[in-house]
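Reading through the structure tokens given below for one structure.
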Amino acid sequence: MTGVRIRVVEDADQLTQTGADLIAEAITTTPTASVVAATGRSPMGLYAELAVRRRSGLVDTTGITAFLLDEYLGLVQNDPRSLFGWLRRSFIEPLGVAGDRVVRLPLDGDLREACAAFDRALVARGGLDLAILGLGTNGHIGFNEPPSTREAPTRVVTLSPATLQANSRYWGDAADVPTEAVTMGMGHLLSARAIVMVVCGESKRAIVHRALEGPVEAALPASFLQEADSDVTVIVDRAAWGAAK
């Protein structure tokens, strides 16, 4: 039986409000929280709601440090399709996070050593307070593609055909999606003091049940959430979870 708290909500609006409540509470408790935030469609409404609450004075997000979860390799600087650009537009700027409180992933030079240095620095600062995650159709979190172990470090990865196809809607065609990326490792994500995963849409139904109710295995990286020591909440809409039993 999973120790993950599963919150099934009826629609996108409830998902947005429930997620924003949890994240606002976490940031209010730890105003200088280290937060890694996913891109993708699922958390976008949640980020917009947090920005509304910030502008209304209901939550102060300006003290957090924002970490990039993953990034494509091979893009020119300031490519609007970069995941950093997406996070900047949807999360960093709307929440008033200053540039010196944004931590990007290494993208050039000796990436093996640069990723190892990134991991050492994150451990030295005490790790993550909060991880906001989505769920890939193949069970990845970040770009930790299957198979990924629970201790997998920050590293260069080759994106799977399933991920290339899923992300083609942002690029026009699967052939245009970069095939390599850097991802924050499973070890950091599973060690975050709080994890909030948001899952929406019927296309995620099979994988969310496998991840939360099936065997824990490297072939489905998100399944390791079942054994995380963190405070883990998965917010899933009715379309993704299925009809009430």
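The values are calculated or read from the model by the stated rules, or taken from the named source; none is laboratory data. Since we're looking at a predicted model, the values are computed, not measured. Glycine also receives a Cβ, built like all others from the backbone with ideal geometry; neighbour counts cover every protein chain displayed. Ligands, DNA and RNA are excluded from the accessible area calculation, which covers all protein heavy atoms including side chains. Shrake-Rupley method; radii C 1.70, N 1.55, O 1.52, S 1.80 Å.
Roughly speaking, to the nearest percent, how much of the chain's 1.4 Å accessible area is carbon and sulfur? Reported share for carbon and sulfur atoms: 51 percent. Helical runs (DSSP H, four residues minimum) scored at -39500 (n - 2.57) apiece and divided by the length of the chain put the mean residue ellipticity at 222 nm at -9000 deg cm²/dmol. Model label points for E151 and R125, set 7 angstrom from Cα along the Cα-to-Cβ axis, are 2.5 nm apart. Computing FRET efficiency as 1/(1 + (r/R0)^6) for S56 and V8, where r is the C-beta to C-beta distance and R0 is 35 Å, gives about 0.80. The listed residues R89, R54, R238 rank as R89, R54, R238 when sorted by accessible area, largest first, using a 1.4 Å probe.
Once C-alpha pairs closer than 8 Å and six or more residues apart are averaged by separation and normalised to the residue number of the chain, the relative contact order reads 26 percent.
Protection proxy ranking, highest mean first, for peptides 145-157, 180-192, 74-86: 180-192, 145-157, 74-86, where packing is the per-residue count of other beta-carbon atoms within 10 Å, averaged. Placing dummy labels 7 Å off each Cα toward the beta-carbon, the span from R81 to T137 is 1.8 nm. Summing Cβ point charges (Lys, Arg +1; Asp, Glu -1) relative to the Cα centre of the chain gives a dipole of roughly 300 debye.
Based on protein heavy atoms only, the range 118-209 ends up with 39 Å² per residue of surface accessible to a 1.4 Å probe.
Accessible area per residue was computed with a 1.4 Å probe on protein heavy atoms; Y170 scores about 80 Å². Over the chain, what number does the Rg to Rh ratio reach, with both radii from the alpha-carbon atoms and Rh per Kirkwood? Looking at the chain, the ratio lands at 0.93.
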